[in-house]
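Some notes on the structure that comes next.
The values are calculated or read from the model by the stated rules, or taken from the named source; none is laboratory data. Every value quoted in this text rests on a predicted model; they were computed, and no experiment measured them. We place every Cβ from the backbone using ideal geometry, glycine too, and count neighbours over all the protein chains shown. Areas reflect the complete protein model, heavy atoms only, side chains present, ligands, DNA and RNA absent. Shrake-Rupley method; radii C 1.70, N 1.55, O 1.52, S 1.80 Å.
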There are 2 protein chains.
Amino acid sequence: MTRRSLRLGSGGEFDRLRAIFAALGAAGRDLGDDCALLPVGGRTIAISIDLSLEAVHFRTDWLSFREIGWRATAAALSDLAADGATPLGVLVSLGVPGNRQRRPGNASPAVQIMSGVGSAARSVGAKVLGGDMARSPRYLVDVCVLGRVARPVRRSGARPGDGLWVTGRLGGAGLALAALRAGRRPAPTVRRRFARPVPRIAAGRWLARRGARAMIDISDGLAGDAGHLAAASGVGIAIELERVPCWPGVTPRAAAASGEEYELLVALPRSFGTAGARAFRRATGLPLTRIGACTAGRGLRITHEGRLITPPRGFDHFRAR
Amino acid sequence: MTRRSLRLGSGGEFDRLRAIFAALGAAGRDLGDDCALLPVGGRTIAISIDLSLEAVHFRTDWLSFREIGWRATAAALSDLAADGATPLGVLVSLGVPGNRQRRPGNASPAVQIMSGVGSAARSVGAKVLGGDMARSPRYLVDVCVLGRVARPVRRSGARPGDGLWVTGRLGGAGLALAALRAGRRPAPTVRRRFARPVPRIAAGRWLARRGARAMIDISDGLAGDAGHLAAASGVGIAIELERVPCWPGVTPRAAAASGEEYELLVALPRSFGTAGARAFRRATGLPLTRIGACTAGRGLRITHEGRLITPPRGFDHFRAR
């Protein structure tokens, strides 16, 4: 559940995508940001699609079907948040196995998944506009989201001197995942962070209105997504790891590697300071923390208490572990 | 690849969908036609999503990867045609197995699929706006299409007395499928009809401008989709099977059962006659044939040379055969 209009995996995936872009030629000109933008009658529509597959992005023994629907929808809505867009509607394709045992007395998995989709959509004022469904050997939930956006914030607008800020606290999703992988029950607040992530719609709109230059949501981990933002903007990024706001019990390094956090990483003009962060907190209830800056160079530079460190590897869901 | 914003399968699927609609409550109010409609700044956007799964909707030994991409996209675009919409863009989620042998010298399957998607999009003036990709045990192509529409034609607008018309000729896709199932190579024109269907965008727009009251594309077979149109409009439909325009070598009964035809079934005011059909042919190159009428009753009535016949079963892709 990466947050861009064409997912960039690691290594071979990048090569494959370059070939796909080439094959699409001019038709694919708008690919490559969190959302695609479509001008309609003087307005701009932001659109993104986000594929969630059983055994790749979720497991049915870790999440309820309602949570699977919520989480897939929240992941897609997070793309709209990263553009500063206001959600309007979602469309959903479901793949549902026909031969699995249903728990007695429960609604069918498809109904439970769609109930989670509907809740996530309603939570941000969006409607479920349509969908498709087919039998599939494994569950799949593909969510297409549409929103309106007055001033889309892309990944490419950061300038040297901009401050680099992050919403919320990082590492909670990673903590939940580590517990689930070890066969332990995560603590309820940690589990909720993983199972019912909140797309940062209000935060994204606030930041867009306040002059955000570039924004991305944190799905591949802070380090990975900071690298994407730096590359798209043609700037360097310097992160001071000790400034990263961490979930209780999480080290800054683990927080920077944790994926599917659904927080926003945003470049703001140098003039945006602590007064701005306080206003953000009053408006959204979330902390906004300056963790570094955009620089005149290229690439990502992470320090921890003054010492240069190797960036943590990008998050690759749980499939590669 | 049914042509509606929420697929209605047969039997248990209907019940399941009713439960899904109930679970969605007010959020799902707009479900149930070929496209969802979204008002944006005084314009209307038509949107649909269409899931194509290997072994359910396509087989890799019957179609090339380019054809798989084309066909999945054409199927989704056909939903826009049925609303009289003009395509703007498509978003695509791909599931691609990681472990299958690639034919040497060929571009990767993902690239070939996207090349087919891009061709189908360009053929109707649409752009590939974005996408997502993940490893999957089987290939999957989920296509979300967006179009603009001045006067959307829904399924629900047919009135008693309207003529019932169909574009093109039916039965070619069924003929190709029968050959492929029997292990034979279909004739090139028949194979093309199956492998590279042409979404009837220009036809749909022409019919919308000329006062079409209700329209649906033929994906479940003429009989099945005529039933859907009758139910949505609250009218009866009478079809004279001997009037159905058939692909050479196909009986009217087989033509009426053949699915994934991507032709349009349309209710037009009684005043629309053979002069209208001639104008349609000049504009689109396609025949437009009156095959029956909408009546004051309910349900579907099919006759063949005056004798009442049992409607052929709806098309259920090839999975059930």
Discussion item. Among the residues that make up the range A:88-104, is at least one of them closer than 22 Å to residue A:134 by Cβ, free of Cβ contacts under 8 Å to residues at least 40 places away in the same chain and touching a Lys or Arg at 6+ places or on another chain (Cβ under 6 Å)?
Written reply: yes
Kindly establish whether residue A:16 is modelled with pLDDT under 70 and closer than 24 Å to residue A:177 by Cβ.
-> no
Yes or no: the range B:269-286 includes at least one residue that is within 17 Å of the chain's Cα centre (by Cα), open to solvent by less than 10 Å² (accessible area, probe 1.4 Å) and of a type in the set (Gly, Ala, Ser). no
A careful count of residues in the range B:121-160 that are under 24 Å from residue A:143 (Cβ atoms) and either in contact with a Gly (Cβ under 7 Å, 6 or more places away or on another chain) or in contact (Cβ under 8 Å) with a residue 60 or more places away in the chain (or both) gives 20
Expected output for the range B:56-78 (first residue aromatic (Phe, Trp, Tyr), partner open to solvent by 10 Å² or more (accessible area, probe 1.4 Å), Cβ below 7 Å, 6+ apart or cross-chain) is B:62/B:180; B:65/B:109; B:65/B:112; B:70/B:119; B:70/B:196
Out of (1) in a helix (DSSP H, G or I); (2) among the charged types (D, E, K, R); (3) open to solvent by less than 10 Å² (accessible area, probe 1.4 Å), the one residue A:193 does not meet is (3)
Flagged in the range B:38-85 as more than 8 Å from chain A (Cβ to nearest Cβ), in contact with a strand residue (DSSP E or B) (Cβ under 8 Å, 6 or more places away or on another chain), outside any helix (DSSP H, G or I) and among the hydrophobic types (A, V, I, L, M, F, W, C), in numbering order, are B:46, B:58, B:85
Matching residues in the range A:236-261 (touching a Cys at 6+ places or on another chain (Cβ under 8 Å) and open to solvent by less than 20 Å² (accessible area, probe 1.4 Å)) number 3
Of A:88, A:80, the only residue that is out of contact with any helix residue (DSSP H, G or I) (no Cβ under 8 Å at 6 or more places or on another chain), at pLDDT 95 or above and either closer than 20 Å to residue B:46 by Cα or basic (Lys, Arg) (or both) is A:88
Scanning the range A:224-235 residue by residue, those more than 19 Å from residue A:48 (Cβ to Cβ) and open to solvent by less than 10 Å² (accessible area, probe 1.4 Å) turn out to be A:226, A:230, A:235
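For (1) part of a loop (DSSP other than H, G, I, E, B); (2) at pLDDT below 95, each residue gets a yes or a no:
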site	(1), (2)
A:197	yes, no
A:202	no, no
A:212	yes, no
A:215	no, no
A:220	yes, yes
A:223	no, yes
A:260	yes, yes
A:275	no, no
Counting only strands (runs of 3 or more DSSP E) wholly inside the range B:110-187, the ones holding at least 3 residues that are at the interface with chain A (Cβ under 8 Å from one of its Cβ atoms) are B:127-135, B:140-148
Q. Is there a residue being surrounded by 19 or more Cβ atoms within 10 Å (Cβ to Cβ) and modelled with pLDDT under 95 anywhere in the range B:154-162?
A. yes
The number of residues in the range B:287-304 that are assigned to a loop (DSSP other than H, G, I, E, B) and either at pLDDT below 95 or surrounded by 20 or more Cβ atoms within 10 Å (Cβ to Cβ) (or both) is 2
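Yes/no matrix, rows are residues, columns are (1) of a type in the set (Gly, Ala, Ser); (2) free of Cβ contacts under 8 Å to residues at least 24 places away in the same chain; (3) under 23 Å from residue B:46 (Cα atoms):
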| position | (1), (2), (3) |
| --- | --- |
| B:210 | no, no, yes |
| B:253 | no, no, no |
| B:256 | yes, no, no |
| B:292 | yes, no, no |
Those residues of the range B:68-87 that are more than 27 Å from residue B:266 (Cα to Cα) and in contact with a Lys or Arg (Cβ under 7 Å, 6 or more places away or on another chain) come to a total of 0
Those residues of the range B:54-84 that are among the aliphatic types (A, V, I, L, M) and open to solvent by 20 Å² or more (accessible area, probe 1.4 Å) come to a total of 1
